[in-house]
Amino acid sequence: MAVSDHVDFNQFMDGVKRRNPHQPEFVQAVQEVAEDIFDFIQDKEAYHEAQILRRIAEPDRVISFRVCWEDDNGNVRVQRGWRVQNNNAIGPYKGGIRFHPSVTESVLKFLAFEQTFKNALTGLPMGGGKGGANFNPKGKSTREIMRFCQSFMTELYRHIGADTDVPAGDIGVGGREIGYMFGQYKRITNRFEGVLTGKGLEWGGSLIRTEATGYGAVYFLAEMLATKGDDLVGKTAVISGSGNVATHAAEKIVQLGGKVLTLSDSGGFVHDPDGFTQDKIDWVKAHKTHRRGRISEYCDAFKGATFHEGKTPWGVACDVALPCATQNELLGEDAKTLVANGCKAVSEGANMPTDLAGVHVFKNAKILFAPGKASNAGGVAVSGLEMSQNSERRAWKEDELQQMLKDIMSGIHDTCRQYGDQGGGYIDYVKGANIGGFKKVADAMLAFGVV
Ligand code: NAP
């Protein structure tokens, strides 16, 4: 007789904690999803019999490896690299690579878990994965970055492939790093294939991939506002981060008539009461990407702006907020401040930037709140389109891709609404995204039997 997993929520979470000691980020991500899934599967015996929730909270595999490289002074340096292949029920593993000193197995397991549902929401055939290393790119020379990327790929190449696992960029990994890694993959395997996304346009990359995550987060925000008959014209926006996601979110907000008041980095935030215009955003992009500078230097270039060292921007009054830097950067108290200051909508550009307490504040206040797995899915969606273009050996035009991105974000919004509509005009987007993503992956897993 089958053993059903009719355990209660606390028993389930106790098991997750016991099996994943010292992995708080992973436990947090599982809890956020399980809170919604528990209710949804309550009366669905097939999921219980197949132990789907228990299985979905266990990565397919976690690969950990040593990465040795030589710095410019000839010293041998040693880092740890990982690839978490979380779930490939609906397609090859897909998810970014992060280089940051805060990277741990817990962080990558949480990101790979989230990625699985996010990728399902896009409607494209992509499983979930994530990888990275506890390598700090800050202050490293271009040669050092190249040697590190080559060494990282010298191990990673044996675990990935265009139909197996297709990594992309993430924090600390942009076009330059993807180039070095792709070059090394090609050199080792003698294959030119769509094994990485976020590639340069000359060698298999897709138009609008760079912009897609930030733009997508704003398209999703606009979809949420539209449910209230509202739009972004004249709205003030507070944004954290000043990397890829943050700067493109800022750009799209400005294009749609809003006013961006803040950007930040790990040193603090800049408040520009006059608003970040396109010229100012271009300056930030060049400053952070090419000059590898700090956001504090913005105040030397533009009068009227102030820098707030060591602070996050959530205390600045705004209509909409977009956390676009990193996980757990918006805490319960910050969420209360935003709501008290009249913030109407939050669209997460980063992955899990709002902690569980903050999520509960937004849900209780019933403001429009989009979790990253829905609102930041535009990046991986265009990565999926890059994979299709690589398989077809062709490149689509920009306007075709823009339309596809808009359609995908709108489709994700529809899915969230389908599973998250609570009546009385309130859509619980967290619940909608969790159930919509889970259902697709879980149903595929059921079809495969016990594997
Ligand atoms: P990025 O270009 O490397 O920029 C990251 C930004 O966040 C930088 O401004 C960085 O500041 C800041 N930051 C990083 N760690 C921080 C910390 N511990 N505290 C405060 N600020 C911190 O990375 P990104 O691609 O924009 O990614 C940002 C977020 O979006 C991540 O959560 C990522 O997983 C998520 N995301 C990215 C994509 C994508 O397509 N790139 C897709 C989906 C989700 P410093 O310069 O000081 O480090």
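The values are calculated or read from the model by the stated rules, or taken from the named source; none is laboratory data. Small disclaimer: the values here were computed from a predicted structure and weren't measured. Cβ placement follows ideal geometry from the backbone for every residue including glycine, while neighbour counts extend to all protein chains displayed. Each accessible area value is taken on the protein alone, full model and side chains, heavy atoms only, with ligands, DNA and RNA left out. Shrake-Rupley method; radii C 1.70, N 1.55, O 1.52, S 1.80 Å.
Annotation for the stretch 224-245: at least one member residue is surrounded by 24 or more Cβ atoms within 10 Å (Cβ to Cβ) and farther than 25 Å from C299 by Cβ.
Looking across the stretch 62-81 at every residue that is open to solvent by less than 50 Å² (accessible area, probe 1.4 Å) and either of a type in the set (S, T, Y) or part of a loop (DSSP other than H, G, I, E, B) (or both), the one that is nearest to F9 (Cα to Cα) is identified as D71.
K138 meets the stated requirement of being in a loop (DSSP other than H, G, I, E, B) and open to solvent by 30 Å² or more (accessible area, probe 1.4 Å). Only one of the numbered conditions (1) assigned to a strand (DSSP E or B); (2) at pLDDT below 95 is violated by D43, and that is (1). Among the residues of the stretch 149-159, some residue qualifies, meaning at least one is more than 21 Å from the chain's Cα centre (by Cα), open to solvent by 20 Å² or more (accessible area, probe 1.4 Å) and β-branched (V, I, T).
The set of residues from the stretch 188-245 being polar (S, T, N, Q) and in contact with a helix residue (DSSP H, G or I) (Cβ under 7 Å, 6 or more places away or on another chain) comprises T189, T197, S206, T210, T213, S240, S242, N244.
The set of residues from the stretch 303-319 being out of contact with any Cys (no Cβ under 7 Å at 6 or more places or on another chain) and open to solvent by less than 40 Å² (accessible area, probe 1.4 Å) comprises P313, W314, V316. Against the conditions (1) assigned to a loop (DSSP other than H, G, I, E, B); (2) under 21 Å from the mean Cα position of the chain (by Cα), R291 satisfies every one except (2).
Please determine, by comparing only the residues of the stretch 202-249 that are in a helix (DSSP H, G or I) and without any contact (Cβ under 8 Å) to a residue 60 or more places away in the chain, which one is farthest from the ligand (Cβ to nearest atom). My answer is A226.
Can you report the number of residues in the stretch 262-279 which are under 17 Å from V218 (Cβ atoms) and within 16 Å of the ligand (Cβ to nearest atom)?
Adding up the residues that qualify gives 3.
For the condition surrounded by fewer than 18 Cβ atoms within 10 Å (Cβ to Cβ) and free of Cβ contacts under 8 Å to residues at least 24 places away in the same chain, E297 qualifies. Restricting the stretch 169-183 to residues that are small (G, A, S) and not in a helix (DSSP H, G or I) leaves a set whose member that is nearest to S102 (Cα to Cα) is G172.
Of the residues making up the stretch 276-285, those that are touching a residue at least 24 places away in the same chain (Cβ under 8 Å) and surrounded by 16 or more Cβ atoms within 10 Å (Cβ to Cβ) number 4. Only one entry of P59, P101 meets the criterion of being outside any strand (DSSP E or B) and open to solvent by 60 Å² or more (accessible area, probe 1.4 Å), and that entry is P101. Taking the criterion of being farther than 22 Å from T122 by Cα, under 21 Å from the mean Cα position of the chain (by Cα), open to solvent by 10 Å² or more (accessible area, probe 1.4 Å) and aromatic (F, W, Y), would at least one residue in the stretch 82-92 satisfy it? So far as the stretch 82-92 goes, yes, one or more of its residues are farther than 22 Å from T122 by Cα, under 21 Å from the mean Cα position of the chain (by Cα), open to solvent by 10 Å² or more (accessible area, probe 1.4 Å) and aromatic (F, W, Y). For K199, work out the one condition from (1) within 22 Å of Q389 (Cβ to Cβ); (2) within 14 Å of the chain's Cα centre (by Cα); (3) not aromatic (F, W, Y) it doesn't fulfil. With (1) within 22 Å of Q389 (Cβ to Cβ); (2) within 14 Å of the chain's Cα centre (by Cα); (3) not aromatic (F, W, Y) applied to K199, the lone miss is (2).
Residues that are open to solvent by 50 Å² or more (accessible area, probe 1.4 Å) and more than 10 Å from the ligand (Cβ to nearest atom): which helices (runs of 4 or more DSSP H) entirely in the stretch 323-410 hold 1 or more of them? Let's see the steps before the verdict.
Numbers: elements: 332-340, 356-365, 372-375, 378-392.
It comes to 332-340, 356-365, 378-392.
A Cβ distance below 8 Å, combined with a sequence gap of six or more or placement on separate chains, defines the contacts here; from the stretch 138-157, residues that are in the same structural domain as N75 (by TED's automatic domain parsing) reach residues that are surrounded by fewer than 19 Cβ atoms within 10 Å (Cβ to Cβ) and small (G, A, S) in the pairs Q150/G183. For P273, the conditions (1) open to solvent by less than 40 Å² (accessible area, probe 1.4 Å); (2) assigned to a loop (DSSP other than H, G, I, E, B); (3) farther than 24 Å from M409 by Cα are fulfilled apart from (1).
Mind telling me which of the residues K373, K431 ends up being touching a residue at least 24 places away in the same chain (Cβ under 8 Å), farther than 21 Å from P125 by Cα and not hydroxyl-bearing (S, T, Y)?
Result of the check over K373, K431: K431.
Residues in the stretch 280-312 that are more than 12 Å from the ligand (Cβ to nearest atom) and of a type in the set (G, A, S): A286, A301, G304, A305. Counting only residues that are open to solvent by less than 10 Å² (accessible area, probe 1.4 Å) and within 16 Å of the ligand (Cβ to nearest atom), the stretch 178-201 holds 4 of them.
Residues checked against (1) farther than 30 Å from L331 by Cβ; (2) at pLDDT 95 or above; (3) β-branched (V, I, T):
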residue: D355; (1), (2), (3): no, yes, no
residue: K366; (1), (2), (3): no, yes, no
residue: A374; (1), (2), (3): no, yes, no
residue: V380; (1), (2), (3): no, yes, yes
residue: E398; (1), (2), (3): yes, yes, no
residue: D428; (1), (2), (3): no, yes, no
residue: A433; (1), (2), (3): no, yes, no
residue: V451; (1), (2), (3): yes, no, yes
